[in-house]
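The values are calculated or read from the model by the stated rules, or taken from the named source; none is laboratory data. Note that the coordinates shown come from a computational prediction; the quantities given were computed from them, not determined experimentally. Positions of Cβ are backbone-derived with ideal geometry, glycine not excepted, and every protein chain shown enters the neighbour counts.
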Amino acid sequence: MPRKILLIDDEEHIIAHYTELLTEQGFEVESAHDGESGLEVFKNSSYDLILLDVNMPGKSGLEVLKEIKSINDKQLVFLLTAFDEYKRNFASLYAEEYFTKDKKIDILLRRIAEHFADL
């Protein structure tokens, strides 16, 4: 059974690109285009991993992260952002990993594969 990933991001091209790459790696990917809908999707199913954009209009990724962790503090969440300044505060964000959205998606894919190989 493939691992399920929920991708929450407001950028259509990011969702399309990441979904294609993750599906090619054998993952089942569901997506949401904003924080509110992402929370609703999360509440209605279970996921092995959530890829969560930090900067979204409306409910930010950090707000979504806090709500997800208040529901399930064991939920695996990797943060995604175009802005590097969040790395300084990463330890206090309660996410397991942090990645900038750039051309280095191979690093993200490798970390996902490594994490699931350890389980």
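Listed values, structure above:
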| quantity | calculated |
| --- | --- |
| Test set (1) of a type in the set (Lys, Arg); (2) modelled with pLDDT under 90; (3) more than 20 Å from Ile112 (Cα to Cα) - Lys43 fails condition number | (2) |
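For (1) acidic (Asp, Glu); (2) assigned to a helix (DSSP H, G or I); (3) surrounded by 14 or more Cβ atoms within 10 Å (Cβ to Cβ); (4) touching a strand residue (DSSP E or B) at 6+ places or on another chain (Cβ under 8 Å), each residue gets a yes or a no:
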| residue | (1), (2), (3), (4) |
| --- | --- |
| Leu7 | no, no, yes, yes |
| Ala16 | no, yes, no, no |
| Glu20 | yes, yes, no, no |
| Gly26 | no, no, no, no |
| Glu30 | yes, no, yes, yes |
| Phe42 | no, yes, yes, yes |
| Leu62 | no, yes, yes, no |
| Leu65 | no, yes, yes, yes |
